[in-house]
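A.B. asks: Mind looking over this structure? Questions follow.
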Ligand SMILES: C[S@@+](CC[C@H](N)C(=O)[O-])C[C@H]1O[C@@H](n2cnc3c(N)ncnc32)[C@H](O)[C@@H]1O
């Protein structure tokens, strides 16, 4: 569970959250507000979905403080971490140095809804990047375009059920998405969906309360074009 709870509690207390723009200044501000935001552990769905794949090149979009990139690099992947926040990227780079895998990691500062990812990768992974619907589709199209033929796309997020269940999350329903929302941008002629789930897992919040939370998990692979 790659998140903390004070974080969500704080977000729920921000006035006018519904109108808030989640841009570079917002994310830099969030990261600067605390020495560490996330748990430092790799995301469970990444571990579950990727452990069986042969390592190759990977990009982690919205990599945050780099726990997933460290895990991937430690398993032999050559990983590029992408984030809109330079503060996050500096922390991620430090974590890969501390883990002794900096030689397999590079960092890119860009807005993944606006800038194309450079090149294609065997694995394109994005966890908990929550955007408003139009921008979310822009992001997912760029993620798909960055997946090499034969490669894997993995998009994970908080499912809309979490809000209904009262899980402490920012109360902006449009930020949450299903696996079908992600799959909608994938051309079925070019893609096979391997996992499309709303997957529950236990989660304890910062006040010690136990929740069952739901992750959206979309894993798909891109066809190799016939020659
Ligand atoms: C909720 S955090 C998740 C971080 C990490 N993936 C994890 O699971 O711990 C979302 C991350 O996406 C980044 N992000 C948000 N919008 C982005 C964008 N348009 N382009 C690139 N990164 C973005 C944020 O800076 C933040 O680090």
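A.B. asks: Name the strands (runs of 3 or more DSSP E) wholly within region 72-183 that hold at least 3 residues that are within 10 Å of the ligand (Cβ to nearest atom)?
C.D. replies: Numbers: elements: 78-83, 105-109, 121-127, 147-158.
Here the list reads 78-83, 121-127, 147-158.
A.B. asks: Additional query: Specify which of the listed residues (69, 58) is assigned to a strand (DSSP E or B), touching a strand residue (DSSP E or B) at 6+ places or on another chain (Cβ under 7 Å), within 16 Å of residue 156 (Cα to Cα) and modelled with pLDDT of 95 or more. Working first, answer last.
C.D. replies: Numbers: 69 fails: assigned to a strand (DSSP E or B).
Just one listed residue meets the conditions, 58.
A.B. asks: For region 196-204, check the following and say yes or no: at least one residue is in a loop (DSSP other than H, G, I, E, B) and modelled with pLDDT of 95 or more. Spell out the reasoning first.
C.D. replies: Within region 196-204, the first condition is being in a loop (DSSP other than H, G, I, E, B), and the residues that meet it are none.
No: zero hits.
Residue-by-condition table, conditions (1) within 21 Å of residue 148 (Cβ to Cβ); (2) surrounded by 17 or more Cβ atoms within 10 Å (Cβ to Cβ):
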site: 172; (1), (2): no, no
site: 176; (1), (2): no, yes
site: 184; (1), (2): no, no
site: 187; (1), (2): yes, no
site: 190; (1), (2): yes, no
site: 202; (1), (2): no, no
site: 212; (1), (2): no, no
site: 220; (1), (2): yes, yes
site: 225; (1), (2): yes, no
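A.B. asks: Residue check, residue 211 against (1) in a strand (DSSP E or B); (2) over 21 Å from residue 50 (Cβ atoms); (3) in contact with a helix residue (DSSP H, G or I) (Cβ under 8 Å, 6 or more places away or on another chain), all met but one. Which one?
C.D. replies: Of everything listed in (1) in a strand (DSSP E or B); (2) over 21 Å from residue 50 (Cβ atoms); (3) in contact with a helix residue (DSSP H, G or I) (Cβ under 8 Å, 6 or more places away or on another chain), residue 211 misses just condition (3).
The values are calculated or read from the model by the stated rules, or taken from the named source; none is laboratory data. Computed from a prediction, not measured in an experiment: that's the story for all the values here. Backbone-built Cβ (ideal geometry, glycine too); neighbour counts: all protein chains shown.
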